[in-house]
Amino acid sequence: MILFVNGPFGVGKTSVARVLVRKMPHTILYDPEVIGTVLHRALGPFGKVADYQDHALWRPLLVGGARVLKTVSARKLVIPMTVWRRDLFDPIIAGLREVDPDLSCFQLTASRDILIDRIASDTKDTEAYGWRMAHVGACLKSSLDPAFGTEICTDGRTPEEVAGQILKSLALPTG
């Protein structure tokens, strides 16, 4: 099983993913942002891109990483990632389905005001503030497209409550 947890910056994907990993036996968190950061640093001098997701290598490496983790560990994967462009999302999801046909996509959503408040209050990653704020509109627009996953609104809800809803929708134990 692979759970792809999508949604805008600040919506709570990583917090929800951590709860899911804690509540689901034999599950690991797989964060493709790490791959993107390495590519951005390694390839930066050779070709500047505004978003590491625009590196052609990122998508196959994301899928390849999932394949390796599934093969080596045979564990469930939870993948939190903001992907708001269909030209990137569709091939990623198709590749992940090849790795494991038991793939579920969830799109966490929140109101504009909630997102802005959450982004502003994230004191751990102040460098990302401008990037995240600049993409609030695009991410909110993509949340209107059901192709990005089953929508779960996070407004006024804890990560535990959101994770519980995901587990319930998958008919998995919530404890």
> How large is ³J(HN,Hα), in whole Hz, for each residue of the range 3-19 in order, when computed from phi with the Karplus curve 6.51 cos²θ - 1.76 cosθ + 1.60 and θ = phi - 60°, using x for Gly and Pro?
Replying inline: 10, 9, 9, 9, x, x, 4, x, 7, x, 4, 5, 4, 5, 4, 4, 5
> Quick one: with all protein chains in place, what share of the accessible area of the chain is carbon or sulfur, to the nearest percent (1.4 Å probe)?
Replying inline: 57
> In what order, largest first, do M133, M1, M81 sit by accessible area if the probe radius is 1.4 Å?
Replying inline: M133, M1, M81
> How much accessible area per residue does the range 50-175 have, in Å², with a 1.4 Å probe?
Replying inline: 52
> Taking only DSSP H segments of four or more residues, each worth -39500 (n - 2.57), what value at 222 nm results for the chain once the sum is divided by all its residues, to the nearest 500 deg cm²/dmol?
Replying inline: -15000 deg cm²/dmol
> Given charges of +1 on the Cβ of Lys and Arg and -1 on the Cβ of Asp and Glu, with all other atoms neutral, how large is the dipole of the chain about its Cα centre, in debye to the nearest 20?
Replying inline: 360
> Which sequence of R18, R75 reflects their accessible areas, 1.4 Å probe, from the largest down?
Replying inline: R18, R75
> Too long at a 19 Å Cα-Cα cut-off: which of K13/K70; K13/K124; K76/K124; K23/K124?
Replying inline: K13/K70; K76/K124; K23/K124
>> Which residues does the label zone of A56 cover in the range 70-95, counting backbone N under 11 Å from a point 7 Å along Cα→Cβ?
In response: none
> For the chain, what is the convex hull volume of the alpha-carbon atoms per residue, in Å³?
Replying inline: 115
> Size of the dipole of the range 134-175 about the Cα centre, Lys and Arg at +1 and Asp and Glu at -1 on the beta carbon, nothing else charged, in debye to 20?
Replying inline: 40
>> Quick query: amide H of E151 versus all other amide H atoms, modeled in the peptide plane; which residues come in under 5 Å with a sequence gap of 5 or more or a different chain?
In response: Q107
> Using heavy-atom solvent-accessible surface (probe 1.4 Å) with all chains present, what is the largest-first order of R97, R132?
Replying inline: R97, R132
> Once the piece of chain linking L144 and A42 is laid out straight, how much longer is it, given 0.36 nm per residue of separation minus the C-alpha distance between them?
Replying inline: 33.3 nm
> For the chain, modelled as a Gaussian network with Cα springs under 10 Å, which listed residue fluctuates most, Q165, Q107, Q53?
Replying inline: Q165
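The values are calculated or read from the model by the stated rules, or taken from the named source; none is laboratory data. What you are looking at is a predicted structure, and each value in this text was computed from that prediction instead of being measured. Methodologically, a virtual Cβ is constructed for each residue, glycine included, from the backbone with ideal geometry; neighbour enumeration extends over all protein chains shown. In case anyone asks, the SASA skips ligands and DNA or RNA and just uses the protein heavy atoms, side chains included. Shrake-Rupley method; radii C 1.70, N 1.55, O 1.52, S 1.80 Å.
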